[in-house]
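Working notes for the structure below.
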Amino acid sequence: MTSNTTDWSALLTFGVDGGTFRLRSAVREDLPAILTLLADDQLGYEREGAADLAPYEKAFDAIDADPSHLLLVGELAPERGGGSCVVATFQLSFLPGLSRRGSWRAQLEAVRVARELRGQGVGAAMVQWALAESRRRDCSLVQLTTDKSRAAAHRFYERLGFAASHEGMKLVL
């Protein structure tokens, strides 16, 4: 099996204000930037803590080793040269199931876009890529959860065709 850590090919590329957006598989070195994106709101700020990278590295290694899970990042390459930086992320997991005639489903998680790029179509493009990849893998549906307090996220997903068809429940262990 080939590790995602050696795959630097772009999965999606398009222009945004200030440069070129490129979607690619995440590598371990992206973890600090991913954690910054995850912590960039009140809910994430309270949950995430980059002081100890060990649990994140362990999770990254498990995701990276399993072809049923993709951890992706979007990076911005500035127009005027210089290095690129991670400005977006999401995880896409593929789950087999017996319901729906034994169909596969995709689980979309942790979709984040840096504040300065919001409203430029980055999030929509990433979700559209995730939908296309889910279709390519013969999934019958894509599911996600979003916190009830994130009204803007609800509107965003509804614009992309998602419906609040179920009530999600969680139990913290």
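Per-structure values
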read-out: Read-out mean projected area of the Cα convex hull in nm², derived from the coordinates shown; its label in (i) 11.3; (ii) 9.2; (iii) 10.1; value: (i)
read-out: Cleavage-rule hits (GluC sites (Glu not before Pro)) in the range 47-98: DSSP loop, at most 16 neighbouring Cβ within 10 angstrom; value: Glu48, Glu79
read-out: GluC sites (Glu not before Pro) within the range 83-173, DSSP loop, no more than 10 other Cβ atoms inside 10 Å; value: Glu167
read-out: Considering only the chain, percent of DSSP beta bridges that pair antiparallel, nearest 5; value: 85
read-out: Residues of the range 10-34 with amide N under 20 Å of the 7 Å Cα→Cβ point at Asp61; value: 26-34
read-out: Dipole magnitude of the chain, debye to nearest 20 (Cβ charges: Lys/Arg +1, Asp/Glu -1, about Cα centre); value: 720
read-out: Stokes-Einstein D (µm²/s) once Rh is taken as the Kirkwood radius of the range 83-166 over alpha-carbon pairs, at 4 °C in 1.567 mPa s; value: 93
read-out: Sum of -39500 (n - 2.57) over DSSP H runs of 4+, divided by residues of the chain (222 nm, nearest 500); value: -9000 deg cm²/dmol
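FYI, it's all coordinate maths here, none of it is from the lab. A quick note: this is a predicted structure, and the numbers were derived from the prediction, not measured. Ideal geometry is used to build each Cβ from the backbone, glycine not excepted, and the neighbour counts take in all protein chains shown.
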